[in-house]
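Here is the structure we will look at, set down as structure tokens.
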Amino acid sequence: MNVFAVSFLDPWRLVLLIGALALVGVYVAIQQRRRAYAMRFTNLELLASVAPKRPGWRRHAAAAVYVVALSALVLAFARPTWETQVPRERATVMLAIDTSLSMEATDVSPSRVKAAQAAAVSFLDNVPESVNVGLVTFNAAASLRVPPTTDREAVRQAIGNVELGERTAIGEAIFTSLDALATVPPAEDGSPVPAAVVVMSDGTTTSGRPDGEAVAAAAEQGVPVSTIAFGTDEGYIVVPGERGIVPVPVDRRALDAIASNTGGKFYEATTEGELRDVYATIGSSVGYETEDVEVTAWFVGGALIALFVAGGLSLAWFSRLP
């Protein structure tokens with residue numbers, strides 16, 4: 001329902017406006033009845049000589065303001081909303097964490113995946129609160145776990161609940177991150193979202209689209225992909241059954257190539273200072289989203305003002321409340 005560009009969350013409550021209209025009808029009827037009575041039984045010439053000053057329009061002003069106050073209260077009860085342009089920081093960082101089985105290797109203490117989780121949480125603790133952060137996890141496929149948001153707790157919980165699986169899809173992780181970035185509202189001038197992707201992995205794509213395709217897409221969109229390598233050349237995991245011990249050396253070359261070809265940075269360490277470089281270079285840009293903002297307080301405030309005005313006028317003119 002829309003009335004004068006105002007929408008209502010509970011429009012059925014507007015039926016109470018009938019009560020305000022009924023009061024107006026009763027008031028008009030009473031005034032007409034009084035007028036008819038006065039015309040019939042009063043000597044108007046004599047009345048004019050002893051009481052030359054009549055209230056005139058002032059008799060009705062206080063009552064009119066009172067009805068306006070009641071109507072405003074009814075509108076407030078219906079919970080009005082107004083379409084508002086809400087500013088939103090557009091700067092966004094997508095974290096992509098490798099959850100392949102090779103991340104179980106303990107050549108990085110306590111394990112590669114635990115180290116990646118700790119680095120991601122450290123990033124959340126240091127990135128400015130206004131910057132949006134999203135989370136993607138990937139093994140055989142990539143999943144958007146948390147869309148870009150300033151809700152740090154939601155991202156932190158998702159980081160702590162990752163589950164490992166077979167294979168590694170770094171290319172898919174980058175594509176999924178780019179898709180998430182596309183949901184951030186554009187600036188008024190249509191400028192691209194200031195953004196970055198951080199891939200935390202041990203490095204070799206074995207599933208999904210190849211790294212090259214994802215790198216080309218990121219470069220075309222102007223999104224730098226920084227990579228952090230977790231692991232050593234001596235890393236291994238133990239697979240139950242015939243496979244036994246399986247070497248899982250870190251692929252620094254693949255991760256370095258992703259960063260170099262997208263304008264990002266390649267890291268082997270995970271210090272806070274290095275992570276801070278990732279978001280320090282993306283800058284800030286504010287976009288706007290249209291949201292229905294509840295403005296009940298405005299109508300309640302207007303109603304209170306009208307009640308005070310009605311009471312003041314009635315006291316000033318007639319020494320009584322309406």
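Every read-out reported here was derived from the displayed coordinates using simple, explicitly stated rules and does not represent laboratory data. This structure is a prediction, so every number in the text was calculated from the model and none was measured. Using ideal geometry, Cβ is built from the backbone for each residue, glycine included, and neighbour counts are taken over all protein chains shown.
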key: Label-point separation in nm, R243 to R33, each point 7 Å along Cα→Cβ   = 9.2 nm
request  = Place a +1 charge on the Cβ of each Lys and Arg in region 91-284 and a -1 charge on the Cβ of each Asp and Glu, then give the dipole magnitude about the Cα centre in debye, rounded to the nearest 20.
outcome  = 140 debye
ask   = Taking the simple approach of a point 7 Å from Cα along Cα-to-Cβ for both A140 and L304, what is their distance in nm?
value = 6.1 nm
key: Additional length obtainable on full extension of the chain from D151 to T183, 0.36 nm per residue less Cα span   = 9.9 nm
key: Cut-off under 5 Å, modelled amide H: who pairs with G165 long-range   = S100, L101
task = With θ set to phi - 60°, apply the Karplus curve 6.51 cos²θ - 1.76 cosθ + 1.60 along region 104-121 and write out the HN-Hα couplings as whole Hz, x wherever there is a Gly or Pro.
result = 6, 4, 9, 5, 10, 6, x, 6, 4, 5, 5, 5, 5, 4, 5, 5, 5, 5
task = First check a/c for region 133-227, with a ≥ b ≥ c the square roots of the eigenvalues of its C-alpha gyration tensor; if it is under 1.5, answer rounded, and if not, answer prolate when a/b is larger than b/c or oblate otherwise.
result = oblate
ask   = Arranged from highest to lowest average of other beta-carbon atoms within 10 Å per residue, in what order do the peptides 97-106, 12-21, 146-155, 248-257 appear?
value = 97-106, 248-257, 146-155, 12-21
query = Using the Cβ atoms and a cut-off under 10 Å, what net charge is assigned to the surroundings of Y236, where Lys and Arg are +1 and Asp and Glu are -1?
reply = -3
remark   = Length gained, E268-L9, 0.36 nm per residue minus C-alpha separation, equals 88.0 nm
query = Hey, what does the equivalent ellipsoid look like for region 91-284, semi-axes from the Cα gyration tensor as sqrt of 5 times each eigenvalue, largest first, whole Å?
reply = 27, 17, 15
request  = Could you calculate the contour length gain from E163 to L23, that is, 0.36 nm times the residue separation minus the distance between their Cα atoms, to one decimal place in nm?
outcome  = 43.9 nm
request  = Within the set of other residues whose C-beta is less than 9 Å from the C-beta of L101, count the net charge using Lys and Arg as +1 and Asp and Glu as -1.
outcome  = -1
query = I174: net charge of surrounding residues, Cβ under 11 Å, Lys/Arg +1, Asp/Glu -1, itself excluded?
reply = -3
